[in-house]
Every structure is written in structure tokens, then in C-alpha cells.
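The values are calculated or read from the model by the stated rules, or taken from the named source; none is laboratory data. In this text the structure is predicted, and so the values were computed from the model without any measurement. Positions of Cβ are backbone-derived with ideal geometry, glycine not excepted, and every protein chain shown enters the neighbour counts. For the accessible areas, the whole protein counts, side chains as well, though only heavy atoms, and no ligand, DNA or RNA atoms are used. Shrake-Rupley method; radii C 1.70, N 1.55, O 1.52, S 1.80 Å.
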Amino acid sequence: VLWGAALFLAWHGLLLLFLWTRPPSPGSEEGSRLTAQVILLAQDAEAELERQQDLLRQIHRYSRRWGANPTVIPVLVLACDRSTVRRCLDKLLRYRPSAQRFPLIVSQDCGHAETAKVIASYGRDVAHIQQPDLSDIPVPPEHRKFQGYYKIARHYRWALGQIFRTFRYRAAIVVEDDLEVAPDFFEYFQAAFPLLLADPSLWCVSAWNDNGKEQMVDAGQAELLYRTDFFPGLGWLLLAELWEELEPKWPKAFWDDWMRQPEQRRDRSCVRPEVSRTMTFGRKGVSHGQFFDQYLKFIKLNDRFVPFTRLDLSYLKKEEYERSFLPKVYSAPEVKVEELQANRRRELGAVRLQYSGRDSFKAFAKALGLMDDLKSGVPRAGYRGIVSFVYRGRRVYLAPPADWTGYDPTWS
């Protein structure tokens, strides 16, 4: 457009120069009139070009503000031999706001024919890629029963490599075939994506709250989000830059626990919701239902749409978050676990229960129904050692002393 405008002005400039420098003909009133008309036309054209350039500047400014070319974020569904992947895909397709913005890619391992048939039934709504290497993996004798975990890690590496190396996407949302998503699943990730780009102290956005059982969350605050030092997984967003960092050292097995090690986490956090945006219906799998009957089947799936893209999420940036969250925790009155269990001191509102070491944390967590396991010393859903949850209708912060200095990996 700018080159066209320059050529237009240059041509008319030359025309005017020619007309002005022509020797006047005797009695050429008509020529003078023509010259005047050409000058007026040139002036009008120049004014119109100025208006067009101003309009282009406005369009450019507003397109940046509105995100006229939003990043395409695929949803990568990791599948194997569950034909119930239909339940996962149906909800993703039902709630997906745009096929162009959020393409669905199912990566299938295992070569299970029935599952492949289910995926193929979606036609062009779903892209179906298949892990080419289905061979058994040599494992140490003591890990023979964990062969499945080795295959899962291999599949993740291959599938994420396809997303970021072959298809060259900027980011991706990863889910597994036994997850059902909430109505605002896509809205949540769309709103959190710019935050992940802007804050280098974040390395993922997760849809999952490890302590998100119905009686332990405030469903009335479904818009509430937290930072957590624990990698939650179970529906998570990552950037291509993170994959570039992780791919060369990707583990042979137990990839999620590997992600929780200090060497990978590097003091970075994830965003997680008060109320989960995913729930798992896969009791049977390589983990043989570990945690499912005790915790996972009770996780509350958010059932109301929160317009996250219209909310200000800047409070989740590290400095702002610590300015507001930490004083809120340590100004809450301290209570004893017996007082919580007896539902006493209700007048205090939000309260704090302080633990002093690994054993006291695990004892309090078991007594209150929290997940009590620690990975590299980090409690599930914890931030700076603090776990926020609801107990008998009031907010409780299970927290270390205020002079907390960091996680101790030997607590695992």
C-alpha cells in the first residue's frame, strides 16, 4: 500500500511539473483551466491518501490489540487402547470455539484397531497420527512391571516432537484419552496463554487441581486461579521453547515425576484453577487405579462458563502474586488441626494451619483429606509450601513457617 501511494504521488508530481513548466500558448484559457483541474484532483488524491494511511495505522493498532492473527494452539490427545476416547473427543468438539484456532490431533500408540476405528469416525474434525514404534522396550529387571510407563514416555516424546518439530506449532494443550473437559476449558487456556508468554517464572498452565474434590473447593469462586510449584499435568499448556529445553533430556519412563524434579522445574511454577477444568474417568490404566478410588473420582469438574478472556489475570505474575497471596496467608489466624476438625472458631474466617516438617505435613494432610504425597519435596497444589483448600466451608492454608527457605527433596 505504501509503495503504491509513493508511486501515485510521484506520477502526479511529475505530471504537475510538466504542466507547470510547459510554455503558455497564446489565448490558452482552456489549457489553464485543465491545469487548475489537474491540480485540484492531485490535491484531492493527496488528501484521500492521507485518510487511507491514517485508516491503515488504526487497523494495525487495533489488530495488535484485538489479536487479529491469534496463535493456533492444537489440542494433542494422547491415546492408546481406550475406545472410550470418544467421551474425551465429544466434549472437546462440543466446547471448542474454533476449529481453526484449536485443531484436534490424536496421537495413538498401541495400534489398537477398535480405538483407531473410533478416532477415524470423526473424519476431518480430528487429525489422527500413529506412533510408528510399537516394539517392547528393554527395561531393568526390577522395572519389568513398569513396561507401560516406558512406552508412555516414548509416546509423549514422539507425539510432542510431531507437534513442535514436524508441524511447528507455537504452543500445545496436552490431554490424555481418559479426560473430560469443562465448558470453559478453551476459554481458560486462551486467557492464560499470554501470561505464559509474558512471565518466564511460569512454565505451564494446568487445568487440574490435585486437591479439587467437591467439598475442598469453593465452587462459587470458579474464576479463582493460583500459582503452584507442583507440576499437575492432566490437561496442560506448554510452549515450543519448553519442549526445546526438555526434549534432549526426555526420560525413558515416569515422565511426569521427572518433570517435578528441581533440575527440570528450575524454580518455575504453573497456573492451576480452584475448580478443575478436567476430570478423569480412566480408572484402569498402567497405574492400575492408583489414587483413583480415593481421590481422582471425586474431583469436581467446573460446570459454569467463566469468561476468563475478559478478566485481568495479571495478579498471577510472580511479583504481584507474592505481594498479595503471601500476606493473605500469613495474616490468617493460626489454628490447631483439632479445632478445624471440631469446626470451632468459625468466626475467624480464613485460617492457617502451620506444619514444621515432613511428618507434620503428612499427618495434617491425611487428617484433612488432602493428597499427602510429596514429589521432590513439593506438596500437590503447593506454592512456596502453601496448600490452599476449603475445609468444612472455610478457607484453610496449610503452610510452613513464614521464614520458609525452600523445598527439601529428601521429603519425598
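If I filter segment 147-192 down to residues being out of contact with any helix residue (DSSP H, G or I) (no Cβ under 6 Å at 6 or more places or on another chain) and either assigned to a loop (DSSP other than H, G, I, E, B) or not assigned by the TED database to the domain that holds L246 (or both), which single residue comes out as most open to solvent (accessible area, probe 1.4 Å)?
If we take residues in segment 147-192 being out of contact with any helix residue (DSSP H, G or I) (no Cβ under 6 Å at 6 or more places or on another chain) and either assigned to a loop (DSSP other than H, G, I, E, B) or not assigned by the TED database to the domain that holds L246 (or both), then R168 is most open to solvent (accessible area, probe 1.4 Å).
Answer with yes or no whether F389 is over 25 Å from the mean Cα position of the chain (by Cα), buried (at least 17 other Cβ atoms within 10 Å of the Cβ) and not in a loop (DSSP other than H, G, I, E, B).
no
How many residues are among the basic types (K, R), more than 21 Å from C88 (Cα to Cα) and within 27 Å of the chain's Cα centre (by Cα) when one looks only at segment 107-153?
Going residue by residue through segment 107-153, those that are among the basic types (K, R) are 117, 124, 144-145, 151.
Now restrict to residues that are more than 21 Å from C88 (Cα to Cα): 144-145, 151.
Next, only the ones that are within 27 Å of the chain's Cα centre (by Cα) stay: 151.
Selection size over segment 107-153: 1.
Test S107 against the stated conditions and say whether it is part of a loop (DSSP other than H, G, I, E, B), at pLDDT 95 or above and either farther than 30 Å from A6 by Cβ or open to solvent by less than 80 Å² (accessible area, probe 1.4 Å) (or both).
Here the answer is no, as S107 does not meet what is asked.
Scanning segment 212-231 for residues that are open to solvent by 10 Å² or more (accessible area, probe 1.4 Å) and of a type in the set (S, T, N, Q), which turns out farthest from F291 (Cα to Cα)?
Ranking the qualifying residues of segment 212-231, first place goes to Q221.
Only residues in segment 390-412 that are at pLDDT 95 or above count as the first member; pair them with residues that are aromatic (F, W, Y), Cβ under 7 angstrom, at least 6 apart or cross-chain, and list the lot.
What qualifies is V396/F389; L398/Y355; L398/F364; P400/Y355; A402/Y330.
Given the structure, is S356 assigned to a strand (DSSP E or B) and under 27 Å from Q264 (Cα atoms)?
No; evaluated as a whole, the condition is false for this residue.
Give me a count of the residues in segment 312-353 that are in a loop (DSSP other than H, G, I, E, B), among the hydrophobic types (A, V, I, L, M, F, W, C) and within 27 Å of W203 (Cα to Cα).
Qualifying residue count, segment 312-353: 1.
Do we have any residue at all in segment 327-348 that's charged (D, E, K, R) and crowded, with 17+ Cβ neighbours inside 10 Å?
Within segment 327-348, none of the residues are charged (D, E, K, R) and crowded, with 17+ Cβ neighbours inside 10 Å.
Return the residues of segment 127-146 that are in a loop (DSSP other than H, G, I, E, B) and open to solvent by 40 Å² or more (accessible area, probe 1.4 Å); say none if nothing qualifies.
Those that are in a loop (DSSP other than H, G, I, E, B) and open to solvent by 40 Å² or more (accessible area, probe 1.4 Å): P132, D133, L134, S135, D136, P138, P140.
In this structure, does K362 turn out to be within 28 Å of Q261 (Cβ to Cβ) and not assigned by the TED database to the domain that holds L197?
It is true that K362 is within 28 Å of Q261 (Cβ to Cβ) and not assigned by the TED database to the domain that holds L197.
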